[in-house]
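First comes the structure, then the notes that go with it.
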Amino acid sequence: MASTLEKFIHSLDLRALPRVLQIQSGIYCQGSVYEMFGNECSLSTGEVIKVIGFKINKLIASICENNEVSQFSDKVELPLNFPGLYKIMADKTPYASIEEIARKVSIGPTRFGHPCFYSAKDIKLANLIIKHDEQITFNSVEEVHGTMVVNCVVVRNNQSHSFTLPLSQEGEFYECEDDQIYTLKEIAEWKIPKCRNRIVKLSNTLHMWDTPNPLPENFDGCLILMPVYEVQAVMKSRKDIVHILSDLDVEVKDITDCYDISSFLQPLSLEDIFERTSKEFPMVAEIMEGPSGSQKPYNLLSTGKEIVIYKKYQAARVLASEMRSDPSKRHYLIPMSYKGKFKRRPREFPTAYDLEIARSEKEHLHVVATKAFTSPHKELFSVSVGDQFLVQQCQTSEVLYEGRKKLIDVLACEQILSDSYKKVLLPMYMEGGFVEVIHDKKQYHLSEICKEFHLPFNVKVSVRDLSIEKDVLAAAPGLQFEEEITDSYLLISSARSPVESWEIPVYRLNMLVHLLSKDVQTVVPPVTRTTVEEVSEEEYYMLRRYENLTLHPPPRPPKKPT
């Protein structure tokens, strides 16, 4: 039965991909040519295509009032890279079954694919009762003993309880409130259910938009987002990926069940390659859709090029940001193989607690006060602007508070006087301001800094990396090393001229390849070139939020006694 392309997408379960479609009728006449995002593609009536995926291409936004489109609002088109961070408003419309949730909501192994719902009524399981209004986290969908189920978790008293819910489970399920913030791209990829719109509230504007802002000036309200999808498909006559917008007036018919789907090329994402076993490497692949970007190696990964993928692995990077306050601040991921050298730059500390975190056994931390502080206790020191201190250690001290003696955390320091030192105690809750005084003139490699000092750490490039054609770090006025992260990479080289190899990130590079049945000429990869990866502001926020979830944050600074 034929249907419009838009209806086909809304009815399609992502788990049913790929699907083979035959073009029935529409704007594409026999032999017509349509230019789709730079891909010149002939889609004649009767043409057969394999749909390998679809994603939201753009969003149609309307200003929202009382969960409805404002009568005074014009519809505006927002690209997925439109700046800002947004808070998702919980959908008030219930889902009638677990099957409906699994079909319409993105559930998967990534950090975004764990939606939360609650049931309007108690759910009785074999060994657990899920109470109504209790938050249920949906982690994955799988088949267990012939039955499709969702793996779920509830948390009670800091203890996780795992269980499964069959897709056949009926009820009244509502989306939970989400206190996380997202970019528009993250919302489009993970947080807009099929056949539903999404209401979001602008939480934070990241930077200025280069073109005229389609939203009202100083807008901080809610938007209703309506998605327009883009179908990714493979054609027999081409080796690249074609893209078709869902709102095109095309009728299609699903002929998957009576067609040999293996006769098409099999596109693989970098995530698909990374999931293969280590024994399958190295392998030769042809690029079906290359990444955008002018920096190496992305400008070498064009459609049609053949590459060798030698291995997959986890590698350490240091996340760094330029030390500047304007919106054009840039962010980088620096590999440990970076051969340049750094000199230290002064750090700034807003509280005495930050001094305690930053101090090391290797050297005394020398700081100058930039803000005055008057101590409420005579046992503790009052700070004036310009006072200099050597930070010693954290300890406890007895102070008199409302006629009673009380123990509080303090920071023992030595105040530097003109010809002597004076031992003083600063309350750990002190909100002041300090700037580091640098005596160390040594030049450090990146690995030395990570080993010897606590991050964040301020530096400037003193000797650039000569192995890099253009060392972008050398031009920065100063850099703050914020944290060390571990990320997933593939090591690749050109198949025709493998004179050097490159590390490419698995989760930040949109690229599709298909494997070739060719032997790898040399199993040993050529010399690996160092690449400093510049990350966008959205990617930077994502890295800061998610890459180090396994690390426990430091305890909050102690509060001022009340």
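The values are calculated or read from the model by the stated rules, or taken from the named source; none is laboratory data. Since the model is a prediction, treat every value here as computed from it, not as a measurement. Note that we place each Cβ from the backbone using ideal geometry, even for glycine, and neighbour counts take in every protein chain shown. What goes into the accessible areas is simple: the full protein's heavy atoms, side chains included, and nothing from ligands, DNA or RNA. Shrake-Rupley method; radii C 1.70, N 1.55, O 1.52, S 1.80 Å.
Using a probe of 1.4 Å on the protein chains alone, the accessible area found for residue 103 is around 80 Å².
For the chain, what is the accessible area per residue in Å² when the probe is 1.4 Å? Write down the numbers at each step before the final one.
Values: 29750 Å² over 562 residues.
About 53 Å² of surface per residue is accessible.
Can you check what the net charge comes to around residue 189, using other residues whose Cβ is under 14 Å from the Cβ of residue 189 (Lys, Arg +1; Asp, Glu -1)? Net charge in that neighbourhood comes out at +3.
Per residue, the chain reaches -2000 deg cm²/dmol at 222 nm when only DSSP H runs of four or more residues are counted, each adding -39500 (n - 2.57). With the simple spin-label model, which puts each label point 7 Å out from Cα in the Cβ direction, the residue 174 to residue 361 separation comes to 5.5 nm.
Largest first, how would 195, 152, 116 line up by accessible area (1.4 Å probe)? Mind dumping the intermediate values first?
Values: 195 75, 152 5, 116 35 Å².
So the residues, ranked largest to smallest area, are 195, 116, 152.
Per-residue packing, averaged as other Cβ atoms within 10 Å, sorts the ranges 92-98, 249-255, 121-127, 155-161 into the order 249-255, 92-98, 121-127, 155-161, beginning with the highest. Rg/Rh, computed from the Cα trace of region 271-313 with Rh as the Kirkwood radius, has the value 1.00.
Solvent-accessible area of residue 529, all protein chains in place: 70 Å² (probe radius 1.4 Å, heavy atoms, ligands and nucleic acids excluded).
With a ≥ b ≥ c the root eigenvalues of the C-alpha gyration tensor of region 91-176, is it rounded (a/c under 1.5), prolate (a/b larger than b/c) or oblate? The shape class here is rounded.
Tell me, in nm to one decimal, what length is gained between residue 237 and residue 370 on full extension, where the rule is 0.36 nm per residue of separation less the Cα-Cα distance?
Working: separation 133, 0.36 × 133 = 47.88 nm, distance 6.86 nm.
That works out to 41.0 nm of additional length.
Determine the share of the chain's accessible area contributed by carbon and sulfur atoms, expressed in whole percent, with a 1.4 angstrom probe. Provide the component values of the computation, followed by the final result.
Values: 14670 of 29750 Å².
Its accessible area is 49 percent carbon and sulfur atoms.
With Cβ to Cβ distances under 11 Å as the rule, what net charge do the other residues near residue 337 carry (K, R +1; D, E -1)? For residues surrounding residue 337, the net value is +1. Packing-based ranking of 140-149, 434-443, 264-273 yields 264-273, 434-443, 140-149, ordered from highest to lowest mean Cβ neighbour count within 10 Å.
Could you calculate the contour length gain from residue 388 to residue 127, that is, 0.36 nm times the residue separation minus the distance between their Cα atoms, to one decimal place in nm? Please report the intermediate quantities before stating the final value.
Working: separation 261, 0.36 × 261 = 93.96 nm, distance 6.33 nm.
Gain on stretching residue 388 to residue 127: 87.6 nm.
Looking only at the chain, where both bridge partners belong to it, what percent of the DSSP beta bridges are antiparallel (to the nearest 5)?
Numbers: 151 of 152 bridges.
DSSP beta bridges in the chain are roughly 100 percent antiparallel.
Shown are 111, 198, whose ranking by accessible area with a 1.4 Å probe and every protein chain present, most to least, is 111, 198. Cross-link partners among lysines for residue 121, C-alpha distance below 19 Å, same-chain residues fewer than 8 apart left out? Candidates past the 8-residue exclusion: 92, 131. The GluC sites (Glu not before Pro) of region 445-493 meeting both criteria, a DSSP state outside H, G, I, E and B (loop) and at most 13 other C-beta atoms within 10 angstrom of the site's C-beta, are 469. Taking N as the residue count of region 348-436, its C-alpha radius of gyration divided by 2.2 N^0.38 Å amounts to 1.04.
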